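Scroll down for the structure; my scribbles are underneath it.
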Amino acid sequence: MSKSSKKQFWWNNAQYRSLFFQVLLVAMVAGFFWFIGSNTLHNLEKRGISTGFAFLSQKSGFGILQSLIPFTDADSFGRTFLVGLLNTLLVSALGIVFATIIGFTMGVARLSNNWLIAKIATVYVEIFRNIPLLLQIFFWYFAVLRALPSPRQSWSAGEVAFVNIRGLYLPQPLLGDGFGFVTWTFVLAIVATVVISRWAKKRQEQTGQQFKLGRTAFGLIVGLPLLVFFAVGAPLSWDIPALQGFNFRGGMTIIPELTALLIALSVYTATFIAEAVRSGILAVNSGQTEAASALGLHRTKVLKLVVIPQALRVIIPQLTSQYLNLVKNSSLATAIGYPDLVAVFAGTTLNQTGQAIEIIAMTMGVYLTISLLISGIMNWYNNKTMLVER
Amino acid sequence: MRKITWALAATAMTFAITVGSVQASTLEEVQKRGVLNCGVSTGLPGFSIADEKGVWAGIDVDGCKAVAAATLGDVKKIKYVPLNAKERFTALQSGEVDVLVRGTTWTLTRDSSLGLNFAGVNYYDGQGFLVSKKLGVKSALELGGAAVCIQGGTTSEMNLADYFKVNNMKYEAVVFDTHDATLKAFENGRCDVLTSDQSQLYGLRTHLPKPEDAFVLPEVISKEPLGPVVRQGDDAWLNIVKWTFNAMIEAEELGLTSANIDKMKADSKAPAVRRLVGLEGIAGKGLGLSNDWAYNIVKQVGNYGEVFDRNVGAGSPLNISRGLNALWSKGGIMYAPPLR
Ligand SMILES: N[C@@H](CCC(=O)N[C@@H](CS)C(=O)NCC(=O)O)C(=O)O
């Protein structure tokens, strides 16, 4: 027997040793959370504060202004969570779309050769980036409210859509039997367009032949579903809002709180996106643009094929954090009565049940999940644009 | 939102970290600190509102003052913490305030599941509706389909749902965080109606640019006994706050006012008076206070009637009649157990 094997204790083995410390760390972290958790429960109980999640199935007993799923005061607190969550997702998703559009436009406009356009974009960015968001939200809300007429003096568009201080009232489409065919045709048309565009790209790489995708796509996505729609007998009717008592009933309503919050969030976030876009474009070496022009590429082609793909690598990480900010900032909704997750669940529900710890934990969990999802998607997209590098 | 999140985080930490330790007595803490931290509303005429110089006044503020007079002997030793409806309970639970006197309705849920205790009632209120005259409505029963502005986290939000349900009417609730935003939205015509405790409606109405354009509907749709609140688990402190408010009512019954109490202390032979000013009986011993605790309240703040008149009653712009808040012997339901 050799001496060395005798003295081979496990802690002399680097692999075991590192495993040991990792297990120890996990155990300590777990122990810490267990300690905090059990202590909290103990203390809450001692102070006579209710704990647990049973409240989620209790009857809520209050009304919510806007809800994407059916909701009445007979529904549970659990459902208020869903209603609030969906409202948060709605304003965040719309906000991200609008902020991106405005941001890209303004970012490009700041670099425009047209003095006026560039100045307007600069002034826009400097003003809206430097005023606290909460003030902007109040500004838009009360500006929107002041500008709109009372229900009895509503502005109407062709007597089917109405605007007043209580909101925008639109006819609601009522889908009849057979409308499913139209939807499916539409989905299939989109898939077909994607396939064709891939094929066209490949063909162009191999043979240099170009394909007019635009017309084909239009025909497929718009024309075909329309054809099917009439073929199955136009199964669509409209529920038109009508003045009744204090206000309009029927149709769809877009409440002014949503409009104001959406404008404020998009306009504010777009300033940061505009700056990101500008820095992204400026980061592309001017030699690249010049080389592309020298090859005889059209200005839009230069942008599309040379500048934007490279600029995106700079833009996307910043864009991600702006999206995250927008989602988190949407919780300022509670200041103007938009019923988002924080207002409905971490506000009213918390107050009616008093279960702060559970409710705040759930609310934080939601924001964390949304943020991680957005980061995940953006990272995936970022990696994709990076890989194109040759 | 930010503020509330911090307060909640603080609460969570307190709960997590106080490892079964015995809670220090609130009275000791207040006396050691030399200042009473008192939670009030952010600005309601007659109840608690600060003027341009930052001087607080109102019936709730006088409640804070009475507790400070009893425990510290000085009504100036108070830090007022303005709280909106959503922040108030967290602020009390986490110890940010020692007592909450902020138009808070005493309900079963709040008393039994928030780790709080109500120490009495300093104003019997009920929920009402403020509407604009232009609406042409005479009764709350004509409000079917109306848009209603309310402050979130209040009993008003729940009563509203109950009332419309019972009367088979629909409504649209527009819920705000602060009463400023609530009032402004109402003023701008976002809602047909603003609902809250009726007494507050009179106060809020005075804040409208044209108060005469709005009025309060006759219906009172709920019971809102508003009272001081303390943390559960410190019975001695609960007793102090409870008897502070009782002493003010008792003083009114006995005819003791801030103006005459010195003379009465010197001259009166009535045992009840002598007990209140601390010359006879148990005085401050049971509560752990000095013997002149109740004398200090009446001398520095006044009896309940004085406080009512000065802030919301005949001596104030609100001019609310005593109604339920009159003494039991005068047709109201204000009643204090005997101070003996
Ligand atoms: N009594 C109600 C309170 C109602 C309430 O808070 N009303 C609003 C009126 S709009 C208020 O007092 N706001 C004052 C503030 O937020 O400072 C309750 O206890 O829930």
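The values are calculated or read from the model by the stated rules, or taken from the named source; none is laboratory data. Not measured: the values here are computed from a predicted model. Cβ coordinates were reconstructed from backbone atoms using ideal geometry, including for glycine residues, and neighbour counts include every protein chain displayed. Ligands, DNA and RNA are stripped out before the accessible areas are found, and what is left, the full protein with its side chains, is counted by its heavy atoms. Shrake-Rupley method; radii C 1.70, N 1.55, O 1.52, S 1.80 Å.
With springs only between Cα atoms under 10 Å apart, run a GNM on chain B and tell me which of B:Gly34, B:Gly233, B:Gly54 wobbles the most.
Result for chain B, Cα springs under 10 Å: B:Gly54 fluctuates most.
Could you rank A:Glu45, A:Glu126 by how accessible they are, 1.4 Å probe, largest area first?
Order by accessible area, largest first: A:Glu45, A:Glu126.
Between A:Leu368 and A:Leu25, how high is the FRET efficiency from 1/(1 + (r/R0)^6) when r is the Cβ-Cβ distance and R₀ = 22 Å? Nearest 0.05.
0.50
For segment B:67-182, what class follows from the C-alpha gyration tensor (a ≥ b ≥ c being the square roots of its eigenvalues): rounded when a/c is under 1.5, otherwise prolate if a/b is larger than b/c, else oblate?
prolate
Residues in segment B:130-171 near a label at B:Phe215, defined as backbone nitrogen under 18 Å from the 7 Å Cα→Cβ point?
B:130-143
Rounded to the nearest angstrom and ordered from largest down, what semi-axes does the equivalent ellipsoid of segment B:127-222 get from its C-alpha gyration tensor (root of 5λ)?
They are 18, 15, 12 Å, listed from largest to smallest.
Springs between alpha-carbon pairs under 10 angstrom, Gaussian network model over chain B: which of B:Ala247, B:Ala270, B:Ala119 fluctuates most?
B:Ala270
If you roll a 1.4 Å probe over segment B:127-222 with all protein chains in place, what percent of the accessible area is carbon or sulfur?
52 percent
With a 1.4 Å probe on protein heavy atoms only, tell me which residues of segment B:153-171 lose at least 20 Å² of accessible surface in the complex relative to the chain by itself.
B:Gly153, B:Glu157, B:Met158, B:Ala161, B:Lys165, B:Tyr171
With a point put 7 Å past each Cα toward its Cβ, work out how far A:Ala291 is from A:Ala200 in nm, to one decimal.
If labels sit at A:Ala291 and A:Ala200, their model points lie 2.8 nm apart.
Which order do peptides B:322-331, A:335-344 fall in by mean Cβ count within 10 Å, highest first?
The packing order, highest mean first, is A:335-344, B:322-331.
Across peptide B:100-110, what mean number of C-beta atoms from other chains lies inside 10 Å of a residue's C-beta?
1
Within 10 Å of each Cβ of A:329-337, how many other protein chain Cβ atoms are there on average?
What the average comes to for A:329-337 is 5.
Please average, across the residues of A:60-73, the number of beta carbons from any other chain that are within 10 Å of each residue's own beta carbon, and give a whole number.
Mean partner-chain Cβ count within 10 Å for A:60-73: 4.
If A:Arg152, A:Arg129, A:Arg17 are ordered by their accessible area, calculated over protein heavy atoms with a 1.4 Å probe, which sequence runs from highest to lowest?
Result of the area sort, largest leading: A:Arg152, A:Arg17, A:Arg129.
When the helix-only estimate is applied to chain B (DSSP H runs of n ≥ 4, each -39,500 (n - 2.57), divided by the residue count), what is the mean residue ellipticity at 222 nm, nearest 500 deg cm²/dmol?
Dividing the helical sum by the residues of chain B leaves -11000 deg cm²/dmol.
Give me the 1.4 Å probe accessible area per residue for chain A, excluding ligands and nucleic acids, in Å².
Normalised by residue count, the accessible surface of chain A is 57 Å².
Of the candidates B:Val166, B:Val121, B:Val75, which one comes out as most mobile in a Gaussian network treatment of chain B with C-alpha springs shorter than 10 Å?
Highest fluctuation among the options: B:Val166.
What part of the accessible area of segment B:253-340, given as a whole %, is carbon or sulfur when the probe is 1.4 angstrom?
55 percent
Relative to the longest principal axis of chain B, what angle (0 to 90°, nearest 10) does the C-alpha long axis of helix B:2-17 take?
Helix B:2-17 sits at roughly 50 degrees to that axis.
Return the value, in Å² to the nearest 100, of accessible area buried between chains A and B (probe 1.4 Å, both sides summed).
Answer for the A-B pair: about 4200 Å² buried.
Taking only protein heavy atoms and a 1.4 Å probe, what accessible area per residue, in Å², does chain B have with all protein chains in place?
Each residue of chain B exposes 40 Å² on average to a 1.4 Å probe.
Given labels modelled 7 Å from the Cα in the Cβ direction, how far is it in nm from A:Glu126 to B:Ala50?
Distance between the two pseudo-spin positions: 3.6 nm.
Which value, in Å² and to the nearest 10, is the accessible area of A:His42 when all protein chains are kept and the probe is 1.4 Å?
90 Å²
Take each complete run of DSSP H in chain A, measure how far its Cα atoms stretch along the helix's own axis, and keep only those covering 18 Å or more with mean Kyte-Doolittle hydropathy at least -1.0; list them.
Qualifying helices: A:14-46, A:77-110, A:115-129, A:133-147, A:179-207, A:256-282, A:308-329, A:356-387.
Given a 1.4 Å probe and the protein chains all in place, what does the accessible area of B:Arg231 round to, in Å² to the nearest 10?
40 Å²
Sorted by mean Cβ packing within 10 Å, highest first, what order do the peptides A:372-378, B:296-302 take?
The peptides rank, most packed first, as B:296-302, A:372-378.
Rounded to the nearest 0.05, what FRET efficiency is calculated for A:Trp34 and A:Leu135 with R0 set to 45 Å and r the Cβ-Cβ distance?
0.55
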